[in-house]
Amino acid sequence: MNKQETILEVNNLKKYFQTPLGPLHAVDDVSFTLKRGKTLGVVGESGCGKSTMGRTILRLLEPTSGEVIFEGNDLSKLNKEEIRKKRRELQIVFQDPFSSLNPRKTVSQTIMEPLRIHRIEKNKRQRQEKVREIMEVVGLADRLWDTYPHELDGGRRQRIGIARALALNPKFIVCDEPVSALDVSIQAQILNLMKELQKKMGLTYMFITHDLSVVNYFSDDIAVMYLGKIVEMAPAEVLFTNPVHPYTQALLSAIPIPNIKKKKERILLKGEITSPIAPKPICRFCNRCRNVIDRCSSEEPQLIEIEKKHYVSCFLTE
Amino acid sequence: MNKENTIQKNSNVSKKKKRKKGEFSQAVKRLSKRKSAIIGFVIIILLILLAIFADVIYDYEEDIIKQNISERLISPCAEHPFGTDELGRDILARIIYGTRISLFIGITANLISMVIGSIFGIIAGYWGKKSDMIVMRLMDVFLAIPGLLLAIAIVAALGTSTRNLIIALSISGIPPYARVMRGAILTVRDVEYIEAARAIGARHSTIILGHILPNCMAPVIVNATLYIAAVIAATAGLSFLGLGIQAPMPEWGAMLSTGRTYIRQYSYMTLFPGVAIMITILAFNLLGDGLRDAFDPRQK
Amino acid sequence: MMPLIQDKSNNESSKDEGIKINMEKNNNKQKDLTLEMKDLVVEYHTDEEIIHALNGLELFIERGKTLGLVGETGAGKTTAALSIMQLIASPPGVIKKGSIFLNKENILQKSKAEMGKIRGKDVSMIFQDPMTALNPVITIEKQIAEVINHHSGCGEKKAILEAGKMMELVGIPSNRGVEYPHQFSGGMRQRVVIAMALACNPKLLIADEPTTALDVTIQAQVLEMMKNLKESYGTSMLMITHDLGIVAETCDTVSIIYAGRIVEHGTLEDIFEKTLHPYTEGLFNSLPNMEKRDVPLKPIKGLMSDPANLPSGCSFCPRCNYAKEICNTEKPKRIYSNETHFVECHLYNGNNIADGTVINQ
């Protein structure tokens, strides 16, 4: 398999929600490409549109405009039945391991459901066999076969969610904050599992999170989102060593580091994220930015490649 | 490392498994702790048994409707514990047989309105937007007319018969069911597991039948027990007015109505059917209240 | 502070905890302690089982200092906080034994009415979810004023003025006081809650995961503000969190809680630089390393023991990579590595505790 093969290409994707106050630009003109077997981390604060972007790519939400090209097919042009079939290849793991599982279905029923829907194995016995296999892969013991989600802890519930996504042998998985509801020790178990699965099955991930230390550990490339836009995108090590956008810098400096020797200077942002309802065509970060110049409040910056594979949308870099 | 994990987890789970099963059995357990609900439940079981075996105990032609002028208006005694009515029929026998009619109408009418009301509720709640508006406004129109009045109008228009009575009572039960079902669906519709089902490519039918309905049944069941009581009361009420079950069938409301004429001299004729109505409705209400509490997530 | 070697020299065997504890107790008497919780046992009795939430918990906070209480979900962090507030729902909660001294007074012996006066005035609490802590139909200045009025009885007008000052202090313009909680964002709401908690200048502030529901940049703002306020008011603080990063930035001492007991306690340096307990080590190893991306995570295996069914030996034993025979059968005793740093683990005895090389290899 060609390592450099592009699996997903998103071009000018937009998702607006109609609100009484005007259109809410949840995802506004986002473009990126993703190579097979790699992980794109998407970071941002709540309300920046990162979850909406994940769901719009999978067409769990209908995009307002733009294209999502997955292995050469534009997903946004498929009809309902075609996209339903395509879901075998595109999966999602949810944030909340409590609300993402049907409380009235047992572990095996939940994992078997995708197999049944897509009629993957011929008979029930083969399907059960397959479910056993998947359960073993994600580290769920056979004894849990008939248990209900409420009998299990968060970590194991999240394993069920991962198993359900893997059942269809997908190529691309959107992970929407898969570990943020878990305890640190369990979080590490799940992250390791997901990394292992990626290697084993050649999965491509889009890893959505607000936790920068997790995204740093997990991703090859990282996109930083602010109010529906990607403000900076770069390979993980570049982004963490040389953040250029003032928002990225503030975000990185805000992470509390579990190390008492390294005290760092903290950039405290003023104010809070606002809601992108009918935004003006200016820099969306300008009211919180510490390096603001006149141009920021009159023009909208574009995402520009400032060095190889490092994209920034800020006038200061021009 | 994973294996170690799972071994350790297993021991944990097997212990838990004995304690907790499904959410439903937990509700049953909570229910069993409420004395009033248990009393209601036991009474309902007894009533259902009476209804089933009424035929065995009494012969319909011989004991229930055959007039016996020589034995008319006997006050309660050993032979007729509840006395006899103005046509010499044993009141106890007629009340027991009446259970059958009341329960039959209550349950049938209830089932019909549950099915139709739920379908409306699903349409409104699941698809939302326009279909929600149309369906719920339609239901509002029905709700605006008092249920009993609507039933009277329907029976008056279609003529009095058991079938028409059931139809009338079913129709007035539809809007509450539609409301309850819509409300329940709205709370479930946007939960992530529904989205997860869409993400694995489930069709609408699978989502509704497999994911939404099983998680919406609790309030519907509660509504059912309470509505059965309401239907029984309405049946009695309509019969009392002469619009429900027709003589000579032994219906509690109709018995009450005839007894009214003799209330000064023979008050037992009104007393016993009245008590029968009261106990039945009370039993269903007790059970319904208990169920509502037992399903209430805040009780967990 | 005495050097750590001091009490090692004459105590060779590992059976000298008694002496050390005594010594430590004396120490505490000399110190000015805002909170001193000793041997607290709290159980929740349900129909099926008894949940052992706290099994002899000990916490102490010096005046003006911050103690970080770190542990996983279900370790008993919140129960500990609620015990101090005397807000444990009973039934099912039962305080079996132990003592909680707040400003040298045992609050377990207080009546309900007395406790009502202490809460808010001497000790107050910030909860994780700011929305549930606020009444949605009352303006925020009234909510803050209510607390002030309740404790000082200064009258509503004065209390509202006072509330305005509190709001300015936590960084909310006081003219926003007439707004309702839903008009505020999450970070602002948490500020309101903090203003309420600080309104009566309590001696002890309990913060139960105060920033978990907030975004990083907002978290940074709120933590910074709390730090400043704490310094200027001299409030002692109990910071309950699972985030060791927050601990590193805000706390003076740290207690690691596991299955309702403190398994390791020490100053920041003790815990971060001279980690002793395998569980503490596991917590650190579970965190991604921000500098070196390639360092794989080493999670703690398995899950927290069921608090209704704790192991007879060390509670951490089933998950411990260093577990020995004795860990299965016997509860470990407390052992001090220096005056401020203790651990409950069978790996340590009088001989090796001083160098603490058992796990950091």
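The values are calculated or read from the model by the stated rules, or taken from the named source; none is laboratory data. Just so we're clear, the structure is a prediction, and the values are computed from it rather than from any experiment. In this analysis, Cβ positions are derived from the backbone assuming ideal geometry, glycine residues included, and neighbour counts consider all displayed protein chains.
Going through B:T206, B:T258 one at a time, which residue ends up being surrounded by fewer than 20 Cβ atoms within 10 Å (Cβ to Cβ) and closer than 25 Å to B:E62 by Cβ?
So the residue among B:T206, B:T258 that is surrounded by fewer than 20 Cβ atoms within 10 Å (Cβ to Cβ) and closer than 25 Å to B:E62 by Cβ is B:T258.
I'm trying to understand the selection: among the residues of the stretch C:268-309, which are touching a Lys or Arg at 6+ places or on another chain (Cβ under 6 Å) and of a type in the set (G, A, S)?
Across the stretch C:268-309, the qualifying residue is only C:G302.
In the stretch C:80-129, how many residues are at pLDDT 85 or above, on the phi > 0 side of the Ramachandran plot and among the small types (G, A, S)?
Total meeting the criteria: 1.
What pairs can you find where one residue is in the stretch C:299-314 and more than 19 Å from C:Y44 (Cβ to Cβ) and within 14 Å of chain A (Cβ to nearest Cβ), the other is polar (S, T, N, Q) and in a loop (DSSP other than H, G, I, E, B), and their Cβ atoms are less than 7 Å apart, with a gap of 6+ or different chains?
Once the first residue is more than 19 Å from C:Y44 (Cβ to Cβ) and within 14 Å of chain A (Cβ to nearest Cβ) and sits in the stretch C:299-314, its partners that are polar (S, T, N, Q) and in a loop (DSSP other than H, G, I, E, B) give C:P299/C:S286; C:I300/C:S286.
Which condition does C:G155 not pass, out of (1) over 24 Å from A:I273 (Cβ atoms); (2) surrounded by 18 or more Cβ atoms within 10 Å (Cβ to Cβ); (3) at pLDDT below 85, if it passes all the others?
(2)
For (1) touching a residue at least 12 places away in the same chain (Cβ under 8 Å); (2) within 15 Å of the chain's Cα centre (by Cα), each residue gets a yes or a no:
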position	(1), (2)
A:T56	yes, yes
A:L60	yes, yes
A:E71	yes, no
A:E82	no, no
A:I111	yes, no
A:E121	no, no
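Which of the residues that make up the stretch C:209-230 are touching a strand residue (DSSP E or B) at 6+ places or on another chain (Cβ under 6 Å) and not charged (D, E, K, R)?
Within the stretch C:209-230, just C:P210 meets the criteria.
Within the stretch C:266-285, can you find the residues that are within 11 Å of chain A (Cβ to nearest Cβ) and closer than 16 Å to C:D252 by Cβ?
Listed by number, the residues that qualify are C:T267, C:L268, C:E269, C:D270, C:I271, C:F272, C:E273.
Collect the residues in the stretch A:293-318 that are in a loop (DSSP other than H, G, I, E, B) and at pLDDT below 85, keeping them in residue-number order.
Result: A:E318, single match.
Which of the numbered conditions does C:V263 fail, given that it passes all the others? Conditions: (1) outside any strand (DSSP E or B); (2) touching a Phe, Trp or Tyr at 6+ places or on another chain (Cβ under 7 Å); (3) more than 9 Å from chain A (Cβ to nearest Cβ).
(1)
I need a count of the residues in the stretch A:115-132 that are at the interface with chain B (Cβ under 9 Å from one of its Cβ atoms) and outside any helix (DSSP H, G or I).
1
Could you list, in sequence order, the residues of the stretch A:216-229 that are surrounded by 24 or more Cβ atoms within 10 Å (Cβ to Cβ) and under 21 Å from A:T6 (Cα atoms)?
A:F218, A:I222, A:A223, A:V224
For A:I277, which of the numbered conditions (1) over 19 Å from A:T52 (Cβ atoms); (2) at pLDDT below 90; (3) not acidic (D, E) fails to hold?
Checking A:I277 against (1) over 19 Å from A:T52 (Cβ atoms); (2) at pLDDT below 90; (3) not acidic (D, E), the one that fails is (1).
What do you reckon, is A:K270 within 14 Å of chain C (Cβ to nearest Cβ), within 30 Å of C:E273 (Cβ to Cβ) and of a type outside the set (V, I, T)?
Criteria not met by A:K270.
Inspect the stretch B:70-86 for any residue being part of a helix (DSSP H, G or I) and either more than 14 Å from every other protein chain (Cβ to nearest Cβ) or at pLDDT 90 or above (or both) and give the result as yes or no.
Yes, the stretch B:70-86 contains a residue that is part of a helix (DSSP H, G or I) and either more than 14 Å from every other protein chain (Cβ to nearest Cβ) or at pLDDT 90 or above (or both).
Mind checking which residues of the stretch C:69-105 are in a strand (DSSP E or B) and either buried (at least 20 other Cβ atoms within 10 Å of the Cβ) or touching a residue at least 24 places away in the same chain (Cβ under 8 Å) (or both)?
C:L69, C:V70, C:G93, C:V94, C:I95, C:K96, C:K97, C:G98, C:S99, C:I100, C:F101, C:L102, listed by residue number.
Residue check: is A:M53 at pLDDT 90 or above, more than 10 Å from every other protein chain (Cβ to nearest Cβ) and closer than 21 Å to A:F172 by Cβ?
Spelling it out, A:M53 is indeed at pLDDT 90 or above, more than 10 Å from every other protein chain (Cβ to nearest Cβ) and closer than 21 Å to A:F172 by Cβ.
Could you grab me the full set of residues in the stretch C:227-243 that are modelled with pLDDT under 90 and aliphatic (A, V, I, L, M)?
C:L229
Residue-wise test of (1) more than 11 Å from chain A (Cβ to nearest Cβ); (2) surrounded by fewer than 24 Cβ atoms within 10 Å (Cβ to Cβ).
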{"residue": "C:A197", "(1), (2)": "yes, no"}
{"residue": "C:I206", "(1), (2)": "yes, no"}
{"residue": "C:N228", "(1), (2)": "yes, yes"}
{"residue": "C:Y233", "(1), (2)": "yes, yes"}
{"residue": "C:D243", "(1), (2)": "no, yes"}
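So if I check each of B:M181, B:M133, B:M139, which one is modelled with pLDDT of 90 or more and either outside any helix (DSSP H, G or I) or surrounded by fewer than 14 Cβ atoms within 10 Å (Cβ to Cβ) (or both)?
B:M133
Condition check: within 21 Å of the chain's Cα centre (by Cα) and away from every other protein chain (no Cβ under 14 Å). Does C:I257 satisfy that?
no
Could you list, in sequence order, all residues of the stretch C:36-51 that are in contact with a Phe, Trp or Tyr (Cβ under 9 Å, 6 or more places away or on another chain) and either surrounded by 23 or more Cβ atoms within 10 Å (Cβ to Cβ) or within 14 Å of chain A (Cβ to nearest Cβ) (or both)?
Within the stretch C:36-51, just C:M37 meets the criteria.
Can you name the residue in the stretch A:245-271 that is of a type in the set (D, E, K, R) and in contact (Cβ under 8 Å) with a residue 12 or more places away in the chain and, of all such residues, is surrounded by the most Cβ atoms within 10 Å (Cβ to Cβ)?
Residue satisfying both the conditions and the ranking: A:R266.
In the set C:T329, C:T340, which member is touching a residue at least 60 places away in the same chain (Cβ under 8 Å), among the hydroxyl-bearing types (S, T, Y) and surrounded by fewer than 22 Cβ atoms within 10 Å (Cβ to Cβ)?
The unique qualifying residue is C:T340.
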